[in-house]
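Heads up, the thing below is written out as structure tokens.
Computed from the coordinates by the stated procedures, all read-outs in this text should not be read as laboratory data. It should be emphasised that the depicted structure is a prediction, and the values quoted were computed from it without experimental measurement. Heads up, the Cβs are rebuilt from the backbone with ideal geometry, glycines too, and the neighbour counts pull from every protein chain shown.
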Amino acid sequence: MWKVDIVLENKISAKNKIVVIGKNHHNALGIIRSLGEYGFELYFICLDMEKSFVRKSKYIKESWCIEDDFELFALLKSKFIYKNNTILMPADDFATSILDSNLEELSKNFILPNINSQNNEINRIMNKTVMNEIAKRHSFNVPKDFHFDLEDEKAFNDILKNLKFPYIIKPLKSIEGEKTNILIVQNSEEFKASIQTLRKKKISKVLVQEFIEKTGEVGIQGVVTYNRKEVIISGIINKVRTSKSAPGSTSYGEILDTHSKVNLEVLKNLLHDVGYVGIFDIEMVYNEVETYFIEINFRNGAYGYAFTKAGVNLPAIWCLEAMGIEISSLQKFIKKRISFMNELSDIKNIGNKLSALKWFSQFLKSDTYLTLNTSDIKPFIFRIIY
């Protein structure tokens, strides 16, 4: 039986453990702050570096930095396996993939996101070609694309003869690359250089995708609940600016309740079709004529903490419902339109058709930031130090 104290004013004292697993990134930090502000007992397992600014959050009871999968599962077994079905919350594609690869074993003792309780099913759909076919089945426009193995020189040369630039090159599987591995190429020389860069990063297969001349980008974030399989779409991100170093990653934006280019019912049908339970983030672009599906991320979006500040705590909603707690009284849709900034990334846009004065004005007017937080200041300080 679940051991959870009473719900009071949307705050809880939960004896169920929640373990956030991910790399040293503001996405993991946003999840931790969302859950910590709600009152959960939190632990963090960092998958990349000992000097992690995320580990400085005041909401973390205990944290570890591990080096490989074996160490991760040994840690989970020794610390949490007898802790009343601890919830595992992946914070990025890498963590999602590791957990999904071991879903059959982990689900015996832990609660975690999944697709139809099947081992490796999230990993299968992370493949962009599989994901695109599902989107097409639901009548979404998808940019034309093809993929090939980076070691296949013949395929590479054949492709190069027929390309009409520009194109976007990205890893075929999200697990094989960060946003910084998404490259836009304007000609054959840039294409060759990009392929060499990706080879050096040990990426095996790439997707070459038609570059859409867009007038805007949106992100759609929500949850599919664990027990009832209810799809909750809490709001829509209007991407005002994206990162210079990580194409598609939002550095400044706003949360809206509706958007003329987004059909929420079609998106809900797609998610029901997939069979996923967990937090999701869907990316789309549009121009004057069409809206294009780009991808589903089977985890919290990097701007997820902004939803918490807008009144909808998505990580808390998912965890509470997974624990069997009634969530009907919780806020599921944004209370107000707010702006947010990934301040340490967006500042790099100064000079790129953006004056320092305008940036500083938008910084001051932003409703929330993705690293800076006066109630939990250490992560910001240590991100600067590190």
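Pull out the extension gain between residue 344 and residue 68, defined as 0.36 nm times the separation in residues minus the alpha carbon to alpha carbon distance; nm, one decimal.
This chain segment gains 96.5 nm when fully extended.
Work out the FRET efficiency for residue 333 and residue 141 from their Cβ-Cβ distance, taking R0 = 25 Å, and round it to the nearest 0.05.
Given R0 = 25 Å and the Cβ-Cβ separation, E is 0.40.
Using only alpha carbon positions, build the gyration tensor of the chain, then give the equivalent ellipsoid semi-axes as the square roots of 5 times its eigenvalues, largest first, whole angstrom.
32, 24, 22
Per-residue counts of other Cβ atoms within 10 Å, averaged by peptide: what ranking do you get for 234-245, 329-340, highest first?
234-245, 329-340
Given a cut-off of under 8 Å on Cα pairs at least six residues apart, what relative contact order in percent is computed for segment 35-109?
For segment 35-109, the relative contact order is 24 percent.
Can you give the direction-averaged projected area of the convex hull of the alpha-carbon atoms in segment 216-385, in nm²?
11.1 nm²
Nothing charged except the Cβ atoms of Lys and Arg (+1) and of Asp and Glu (-1): what's the magnitude of the dipole of the chain about its Cα centre? Round to the nearest 20 debye.
Result for the chain is approximately 880 debye, rounded to the nearest 20.
Using a Gaussian network model of the chain whose springs link C-alpha atoms within less than 10 Å, name the residue from 227, 157, 119 with the highest mean-square fluctuation.
157
Express the relative contact order of segment 144-210 as a whole percentage, based on alpha carbon pairs under 8 Å and six or more residues apart in sequence.
Taking the mean separation of contacting Cα pairs over the length of segment 144-210, I get 51 percent.
Under a point spin-label approximation (7 Å from Cα along Cα-to-Cβ), what is the residue 107-residue 154 distance to one decimal in nm?
About 4.1 nm separates the two model spin labels.
Once the dipole of segment 140-278 is set up with Lys and Arg at +1 and Asp and Glu at -1 on Cβ about the Cα centre, which of 223, 160, 249 lies farthest towards its positive end?
So the residue furthest toward the plus end is 249.
What is the chain's relative contact order, in percent, from Cα pairs under 8 angstrom and six or more apart in sequence?
17 percent
Going through segment 269-351, which GluC sites (Glu not before Pro) have at most 16 other Cβ atoms within 10 Å and a DSSP loop state?
Hits after loop and neighbour filter: 288, 290, 326.
Using only the alpha carbons, work out the radius of gyration and Dmax of segment 161-272 in angstrom.
For segment 161-272, the Cα radius of gyration and maximum Cα-Cα distance read 17.0, 51 Å.
How much length is gained on full extension from residue 353 to residue 190, taking 0.36 nm per residue of separation minus their Cα-Cα distance?
56.3 nm is the gain from fully extending residue 353 to residue 190.
Quick query: amide H of residue 114 versus all other amide H atoms, modeled in the peptide plane; which residues come in under 5 Å with a sequence gap of 5 or more or a different chain?
277
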